1. How about the stretch 232-256: which of its residues are among the acidic types (Asp, Glu) and in contact (Cβ under 8 Å) with a residue 12 or more places away in the chain?
2. Could you tell me how many of the residues in the stretch 77-133 are open to solvent by less than 70 Å² (accessible area, probe 1.4 Å) and either of a type outside the set (Ser, Thr, Tyr) or part of a loop (DSSP other than H, G, I, E, B) (or both)?
3. Any residue at all in the stretch 237-256 that's more than 14 Å from Gly129 (Cα to Cα), in contact with a helix residue (DSSP H, G or I) (Cβ under 9 Å, 6 or more places away or on another chain) and buried (at least 18 other Cβ atoms within 10 Å of the Cβ)?
4. Going by what's in this entry, would Asp55 be described as in contact with a helix residue (DSSP H, G or I) (Cβ under 7 Å, 6 or more places away or on another chain) and open to solvent by 30 Å² or more (accessible area, probe 1.4 Å)?
5. Condition first: among the small types (Gly, Ala, Ser) and over 28 Å from Asp34 (Cα atoms). Now tell me which residues in the stretch 59-118 satisfy that.
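The values are calculated or read from the model by the stated rules, or taken from the named source; none is laboratory data. If you're wondering where the values come from, they're calculated on a predicted model, not measured in any experiment. Here the Cβ is made from the backbone with ideal geometry for all residues, glycine too, and neighbour counts use every protein chain on show. Surface accessibility is based on the protein's heavy atoms, side chains included, excluding ligands, DNA and RNA. Shrake-Rupley method; radii C 1.70, N 1.55, O 1.52, S 1.80 Å.
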Amino acid sequence: MSGLQFLYNTKLGRIILRPLLLKPVSDFSGWLLDSKASKCIISGFAKSNGIKMEDYILDDINCFNDFFCRRIKPELRPLDMEEAHLMSPCDGLLKVYPISDDLVLPVKQSKFTISDLLKDKELAKEFDGGYCLVYRLCVNHYHRYAYFESGEKSQDVVIPGLYHTVQPVALEAGPVFVENSRQYTVLSTKNFGKCVQMEVGAMLVGRIVNNQPKAGPVTRGQEKGHFEYGGSTIIVLVPKGVANIDKKLLEASAVGEETPVVMGQTIGNIEFNQ
């Protein structure tokens, strides 16, 4: 039994787990990883997670958190700027779920509602029949993310919460996405209508850092922000009838499989019959 399985699947583990999910623990971890002394763990972390140092811009790394949200060389993440294409906003493991009567029903995971996710029943109604795209970022992934489409954004909505891990063992144990700390913006786009782009924190993620929390225009591929240490999740909601998702992604998701994607990759296109 792994450490996470013990924490989530045993009575004693769940007792130990509870304080680990609270914001002060996450904040303290973030403080440690902001210290100059934390530089000593960078090399071992990169090696154990298969991170290719030569792929990144490392000129100004003063602590572990600087390294964790390092910038990748732009040529390694070409952005699909074709308006008719649906673009991935980040690196991660993607699952696509249809939304039916407010419900998302992940395979082998706890169901959750869009209303609970957003804490806004009226906004949630606008996505019935659409898609919920869940990008799960592991610690080895690139932790900067972009706007998936141009448009006008709302002021960020911040929802305080816990800091569960987003590893599968936790996702199977309960509705992690509607319990964790998260924030989102509503995007009014030309090609995909009104969408939501959300960031979900996770265990030991003390900060979701968004560059433009206020309302205003944004551009496809523009950096939206970054996560500091820990696994994390990006969720994109698209309304009914606006996007054709890649068939292979849908087939994999239907049987509970995640598909690796990278920021800027095409994952679908406009539904031309909308």
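1. Of the residues in the stretch 232-256, the ones among the acidic types (Asp, Glu) are 246, 251.
Matches in the stretch 232-256: Asp246 only.
2. Of the residues in the stretch 77-133, 37 are open to solvent by less than 70 Å² (accessible area, probe 1.4 Å) and either of a type outside the set (Ser, Thr, Tyr) or part of a loop (DSSP other than H, G, I, E, B) (or both).
3. Filtering the stretch 237-256 down to residues more than 14 Å from Gly129 (Cα to Cα) leaves 246-256.
Restricting the remaining residues to those that are in contact with a helix residue (DSSP H, G or I) (Cβ under 9 Å, 6 or more places away or on another chain) gives none.
Within the stretch 237-256, none of the residues are more than 14 Å from Gly129 (Cα to Cα), in contact with a helix residue (DSSP H, G or I) (Cβ under 9 Å, 6 or more places away or on another chain) and buried (at least 18 other Cβ atoms within 10 Å of the Cβ).
4. Details: in contact with a helix residue (DSSP H, G or I) (Cβ under 7 Å, 6 or more places away or on another chain): yes; open to solvent by 30 Å² or more (accessible area, probe 1.4 Å): yes.
Criteria met by Asp55.
5. Filtering the stretch 59-118 for residues among the small types (Gly, Ala, Ser) gives 84, 88, 92, 100, 110, 115.
Ala84, Ser88, Ser100, Ser110, Ser115, listed by residue number.
Condition check ((1) modelled with pLDDT of 95 or more; (2) within 13 Å of the chain's Cα centre (by Cα); (3) more than 14 Å from Met87 (Cβ to Cβ)) across all residues:
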position: Leu187; (1), (2), (3): yes, no, no
position: Cys195; (1), (2), (3): yes, no, no
position: Glu199; (1), (2), (3): no, yes, yes
position: Gly206; (1), (2), (3): no, no, yes
position: Gly216; (1), (2), (3): yes, no, yes
position: Phe227; (1), (2), (3): no, yes, yes
position: Thr233; (1), (2), (3): no, yes, yes
position: Ile245; (1), (2), (3): yes, no, no
